[in-house]
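K.L.:
Have a look at the structure that comes next, please.
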Amino acid sequence: MLGLYARALEASHIPTAMVTLFPEITDKVGAPRTLHVPFKMGRPCGEPFDFETRGKVVDQLLELLTLPSGSREKYREKP
């Protein structure tokens with residue numbers, strides 16, 4: 001569902017980047033930019049209070065915003 005909102009925002013020239021646990025689903029809805037993370041369901045940014053990992057996820061999302069629409073990236077433990 002959020003992928004559809006992201007596409008609408010992109011149509012208004014607002015770039016979006018999403019975290020996904022299920023890239024096959026976000027690909028089907030056409031989410032513009034996605035970061036596939038290997039974490040548990042319900043913890044898309046890592047374990048609670050793991051601020052280092054969460055910071056890496058946010059940094060990689062911000063990098064993803066600089067790439068063209070349609071970009072798909074996998075989370076890198078050591079960026």
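K.L.:
If you fit an axis through the alpha-carbon atoms of helix 2-11 and take the longest principal axis of the Cα set of the chain, what angle between them do you get, 0 to 90°, nearest 10?
P.N.:
The angle comes out near 50 degrees.
K.L.:
Please work out the Kirkwood hydrodynamic radius for the chain, using every pair of different C-alpha atoms, and report it in angstroms with one decimal place.
P.N.:
Over the chain, the inverse of the mean reciprocal pair distance is 12.7 Å.
K.L.:
Given 0.36 nm per residue, what is the gain on full extension from residue 47 to residue 71 after removing their alpha carbon distance, in nm?
P.N.:
Residue separation times 0.36 nm, minus the Cα-Cα distance, leaves 6.1 nm.
K.L.:
How far, in degrees from 0 to 90, does helix 51-64 lean away from the longest principal axis of the Cα atoms of the chain, to the nearest 10?
P.N.:
Once rounded, the angle reads 20 degrees.
Readers should treat all values here as calculations from the given coordinates under stated rules, not as data from a laboratory. Here the structure is a predicted model, which is why all the values come from computation and not from measurement.
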